[in-house]
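Everything on this sheet refers to the single structure shown next.
The values are calculated or read from the model by the stated rules, or taken from the named source; none is laboratory data. Keep in mind that what you see is a predicted model, and the values were worked out from it rather than measured. When we count neighbours, we look across all protein chains shown, and the Cβ atoms used for this are built from the backbone with ideal geometry, even at glycine.
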Amino acid sequence: MTDNVAPPIPEDDAPQAPPKQLSPAAQRALAEAAERRAQAEAQEKARPREINGRGGLDPVRYGDWEIKGLTSDF
């Protein structure tokens with residue numbers, strides 16, 4: 001007895017949906033977000049390297065002290 005199931009199509013041969021056209025406002029928002037990420041990365045690289053620090057992100061980055069997911073206001 002044979003199955004009448006078609007073999008799966010490899011992803012490389014699968015038909016691709018046309019890319020969605022973004023509105024000008026959405027394109028501006030994406031460009032602004034990319035610029036903010038680039039600025040944040042540049043600021044992070046400009047900071048002096050901390051020696052014997054706790055590692056990870058700055059615990060006071062939101063104005064709160066955070067350790068292991070627990071925060072406390074100053």
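Okay, here's what the table says:
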| quantity | calculated |
| --- | --- |
| Failed item in (1) assigned to a helix (DSSP H, G or I); (2) of a type outside the set (Phe, Trp, Tyr); (3) modelled with pLDDT of 70 or more, with Asp12 passing the rest | (3) |
| The stretch 16-49, subset basic (Lys, Arg) and not in a loop (DSSP other than H, G, I, E, B), residue surrounded by the fewest Cβ atoms within 10 Å (Cβ to Cβ) | Lys45 |
